[in-house]
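> Before I ask anything, let me first share the structure, which is written out below as structure tokens.
The values are calculated or read from the model by the stated rules, or taken from the named source; none is laboratory data. No experiment lies behind these values; they were computed from the predicted model shown. In this analysis, Cβ positions are derived from the backbone assuming ideal geometry, glycine residues included, and neighbour counts consider all displayed protein chains. Just so you know, the surface numbers come from the protein's heavy atoms only, side chains and all, with ligands and any DNA or RNA stripped out. Shrake-Rupley method; radii C 1.70, N 1.55, O 1.52, S 1.80 Å.
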Amino acid sequence: MHFQQLQYFVAVAETRHFTRAAERVHVAQPSLSQQIKALERELGADLFRRARGNITLTDAGEALLPLARRILADADTARHEVQELAQLRRGRVRLGATPSLCTGLLPDVLRAFHDRYPGIRLLVQESGSHDLVRELARGALDLALVVLPLPSPSPALTTVELLREDLVVVSSPEAPAPGGGGRTVRIADLEGERLVMFRHGYDLRDLTVAACRAEGFEPDLAVEGGEMDAVLGFVRAGLGVAVVPRMVATRSGRRLRVTPLARPGLHRTIALAHRSDVAPPRAARELQRMLLER
């Protein structure tokens, strides 16, 4: 099995077309087809069903695809690791984080990292913890900031707790204060309030809905489906209130009223995760150190 054959296989699997796959990997289509057939002979199984131009993966192809992607991703990481040996003057870090952490935690840390290592490219992917865990597992990310507990615990990942953050209620200063205007608000006080809610799969959505249900009511959703910036914008417009991390609320300026939750409140635990079987590249390890020491 040759590395190039895996590249060709993944290209065909993703484009579902031999000619387009050949264009993507810059090779003649007959050569690509020959290499795919050679790979199938070596593996002893067909990888694609070819019917009237309709290309689909066989069961063997479905099994090979995530493994091939991971091998290619690891090889790409190895290439960049070697390039970084010149005192971190070149290279990249692929960092995943939830949108709220991109807004609250990362700006200052990434600025400090960039000031120290201006030649390192920072590639940031915003997504929910579930998606970030999947991207880490397939080798598409070097590090990820995720919310614990993980949606699907994976023995292939190592996590280090980074911080424990309070959640607060934000509302428009032009709207009545939640909970009657006290210095704090209880989760039970949100019954009857219109909530601006994050999209499905968002950690904060699951946490807020679970807290409301624990108090015996279903949240009344005014708007749902947004990312962090959209949710804050809807709250500023007076469409409802939202439960967000304190760091995000603090950075959002004066156009939001911030009300702490009464004890015991709501919290979330942020962890830094990476694959257990492969050490992060040197530049990623340096960013990891700065995050842990921040």
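> Pick out the one residue from Glu174, Glu165 that is surrounded by 14 or more Cβ atoms within 10 Å (Cβ to Cβ) and acidic (Asp, Glu).
Checking each option against the conditions leaves just Glu165.
> Would it be correct to say that Gly201 is assigned to a loop (DSSP other than H, G, I, E, B), on the phi > 0 side of the Ramachandran plot and either of a type outside the set (Val, Ile, Thr) or surrounded by fewer than 22 Cβ atoms within 10 Å (Cβ to Cβ) (or both)?
So Gly201 fits the description; yes.
> Okay, moving on. For the range 152-162, how many residues are farther than 26 Å from Arg263 by Cα and open to solvent by 40 Å² or more (accessible area, probe 1.4 Å)?
7
> Counting just the residues of the range 255-279 that are assigned to a loop (DSSP other than H, G, I, E, B) and in contact with a Lys or Arg (Cβ under 8 Å, 6 or more places away or on another chain), which one comes out most open to solvent (accessible area, probe 1.4 Å)?
Arg255
> Now for a different question. Exactly one of (1) more than 15 Å from the chain's Cα centre (by Cα); (2) without any contact (Cβ under 8 Å) to a residue 60 or more places away in the chain is unmet by Gly96. Its number?
(1)
> Read through the list (1) open to solvent by 40 Å² or more (accessible area, probe 1.4 Å); (2) in contact with a strand residue (DSSP E or B) (Cβ under 8 Å, 6 or more places away or on another chain); (3) over 25 Å from His267 (Cβ atoms), then give the number of the only condition that Leu148 fails.
(3)
> Assuming Glu224 fulfils every condition listed in (1) in contact (Cβ under 8 Å) with a residue 40 or more places away in the chain; (2) part of a strand (DSSP E or B); (3) open to solvent by 70 Å² or more (accessible area, probe 1.4 Å) apart from one, which condition is it?
Unmet for Glu224, out of (1) in contact (Cβ under 8 Å) with a residue 40 or more places away in the chain; (2) part of a strand (DSSP E or B); (3) open to solvent by 70 Å² or more (accessible area, probe 1.4 Å): (1).
> Considering Arg289, Arg282, which residue is at pLDDT below 90 and either among the hydroxyl-bearing types (Ser, Thr, Tyr) or within 22 Å of Glu135 (Cα to Cα) (or both)?
Only one candidate qualifies: Arg282.
> For the range 38-119, which fully contained strands (runs of 3 or more DSSP E) count at least 1 residues that are charged (D, E, K, R) and open to solvent by 40 Å² or more (accessible area, probe 1.4 Å)?
Fully inside the range 38-119 and qualifying: 48-51.
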